[in-house]
Structure formats: C-alpha cells, structure tokens
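Step one of this worksheet: look at the structure below.
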Amino acid sequence: MILLQEPRLSPWGPCTYLPERNCRFEYFFAYDLTANDLEELLCRGWRKFGEYYFRPSCGECRRCVPLRVLAGEFTPTKSQRRVLRGCEGIEVRFNELEYRDEIFEIYRDHSLNRFGKESEENDFFTAFYTRSCPTLQSEYFLRDKLIAVGFIDVSSKGLSSIYYIYKTSFEKYRLGTYSVMREAEHAASLGLPYYYLGYYIEENQHMAYKGHFHPHETFDWSREIWTREGDKSIEK
C-alpha cells in the first residue's frame with residue numbers, strides 16, 4: 001500500500017446519514033493496495049471511494065456500524081426469495097472494471113431520481129474508476145439490456161460493495177436487494193467468507209435494509225471486534 005498522506009481528521013459537519021447530528025471522518029489517500037491490505041482495513045471499519053479511504057470518528061455516536069454477510073451461510077428470507085423469483089430473467093455478469101458512457105447514464109438517472117442530485121462525469125469517474133485496490137464490477141442485464149451496475153472491491157477474505165446503481169424505471173424488481181444476494185453468492189463461489197455491505201444505520205431508511213441479510217456480523221467500535229448477530233461471544 002502506498003500512502004499519499006497520513007490519516008487526518010475532517011472538520012465537524014452535518015451528518016449525511018443522520019441529518020440531526022454532526023459527524024467527522026478519519027481519512028487518508030492511498031493506492032496500490034493488495035487484497036490483504038484491503039482486508040485489514042475492512043476489518044477495522046474503513047470504507048473507500050477511489051483513492052479516498054475513510055471511517056467515522058464521531059465520538060460516542062457510533063451509529064454507523066460496519067456489517068458483513070457470512071456469504072457461504074447466507075439464507076434468503078421469504079421476502080427475498082420472492083425478489084429472486086421476480087428477477088429470474090435478469091442475467092448477472094462479473095467483469096473487470098471498465099468505464100462506459102451507458103454506465104454513467106445509469107448513475108445520473110439513479111442519483112437524480114432517487115436522491116435529487118445532479119451528477120458530474122469527472123466526479124463519477126474519480127469515485128468509481130480510480131483503481132486503488134483489486135476491483136470488479138457487476139453488470140445486470142434484462143433482455144440483453146444493461147439496467148444496473150455494482151462496484152465491488154476484492155479483499156483476501158471477501159467482496160466489498162462500494163456502490164450500486166440501477167435504472168429507476170426498473171425499481172419494481174427491487175434490484176438493490178437482488179444485488180446483495182447475487183454478489184454474496186459470487187463471494188461464496190470464489191471461496192470468500194464475507195460480503196461487506198458498508199455501514200448499517202438502523203435509523204436511516206436507506207441503510208436499514210442491510211440488517212435483513214442473515215447471518216451477518218457487525219463491528220463493535222468500542223472493542224474493535226466483529227460479533228455475529230444474536231451471539232454475545234467474540235468473533236474475530
């Protein structure tokens with residue numbers, strides 16, 4: 001791993017996930033990470049976009065909880081099985097990272113119609129196509145038409161979901177839920193035990209869904225250990 005700067009603390013500012021609170025991040029910029037480097041960071045609650053690596057440093061708040069699905073043991077719920085049946089016609093391909101204009105158009109549609117945000121192509125490229133560690137992208141096709149894309153990092157022990165975008169005209173398929181199941185399945189097929197889903201925040205409607213994939217483990221910031229859901233014993 002090549003550090004472009006030592007870790008720093010951002011200023012306090014409004015929290016993106018919990019608007020009534022303030023937050024700050026510990027962050028650094030780096031590239032040329034190995035799969036082992038990435039796993040070490042994921043195990044300690046770090047996330048990233050491009051060369052920007054970060055984790056919350058908000059004192060006693062600790063509401064942003066890193067979560068990882070146990071890929072080989074994952075069992076879909078009744079509701080998730082309905083999603084699988086509804087998506088039977090969708091083909092998923094896992095490929096090397098490759099920028100295409102049609103992918104940016106999906107990102108722009110997703111950002112505007114789900115979050116009311118305009119998108120700049122340069123910002124999109126920097127966040128998702130500046131390679132700093134082993135990476136994949138998942139592509140979802142319906143009748144040979146690209147409808148969704150996932151950006152995934154590859155560590156020595158798991159896949160890590162960075163971001164997932166889809167054409168909002170296909171929202172009825174519940175593609176976000178479908179992507180978690182297919183990407184966790186892909187992690188298991190590679191012999192990797194974990195599928196990292198980023199931060200689980202129970203109070204945030206856009207983040208709470210992550211807790212619906214079982215079994216999973218969450219990271220305890222105060223003790224710096226991973227624990228399995230419903231299990232008080234320590235899971236390293």
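Just so it is clear, none of the values below were taken in a lab; they were calculated from the coordinates. Since this is a predicted model, take the numbers as computed values, not measurements. We place every Cβ from the backbone using ideal geometry, glycine too, and count neighbours over all the protein chains shown.
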Quiz prompt | region 124-166 shape via C-alpha gyration tensor axes, a/c threshold 1.5 | solution = oblate
Quiz item: Cysteines without a disulfide-compatible partner in the chain, using Cβ under 4.7 Å as the rule?
Solution: CYS43, CYS64, CYS87, CYS133
Quiz prompt | Proxy reagent accessibility, fewest Cβ within 10 Å first, across GLU40, GLU102 | solution = GLU102, GLU40
Quiz item: Could you give the length gained on full extension between ARG44 and GLU121, defined as 0.36 nm per residue of separation minus the Cα-Cα distance, in nm?
Solution: 24.6 nm
Exercise. Could you run the Debye sum over the Cα atoms of region 100-158, one equal point scatterer each and no solvent, and tell me log10 of I(q)/I(0) at q = 0.14 Å⁻¹, two decimals?
Key: -0.46
Quiz item: How many nm separate the modelled label positions at GLU98 and TYR31, each set 7 Å beyond the Cα in the direction of the Cβ?
Solution: 2.2
Self-check item: Label-point gap, in nm, between SER10 and GLU224 - each point 7 angstrom along Cα→Cβ
Solution: 2.3
Quiz item: If we count other beta carbons within 10 Å of each Cβ, what is the order of SER222, SER10, SER111, SER160, fewest first?
Solution: SER222, SER10, SER111, SER160
Self-check item: Column: log10 I(q)/I(0), Debye, Cα scatterers of region 1-97, q = 0.12, 0.14, 0.16 Å⁻¹
Solution: -0.63, -0.79, -0.92
Exercise. Show me 119-132, 58-71 ranked by packing, highest mean number of other Cβ atoms within 10 Å first.
Key: 58-71, 119-132
Quiz item: Per q in 0.08, 0.13 1/Å, what log10 I(q)/I(0) does a Debye calculation on the alpha-carbon atoms of the chain return?
Solution: -0.29, -0.82
Self-check item: Neighbour-count ranking [beta-carbon atoms within 10 angstrom, fewest first] of THR227, THR75
Solution: THR75, THR227
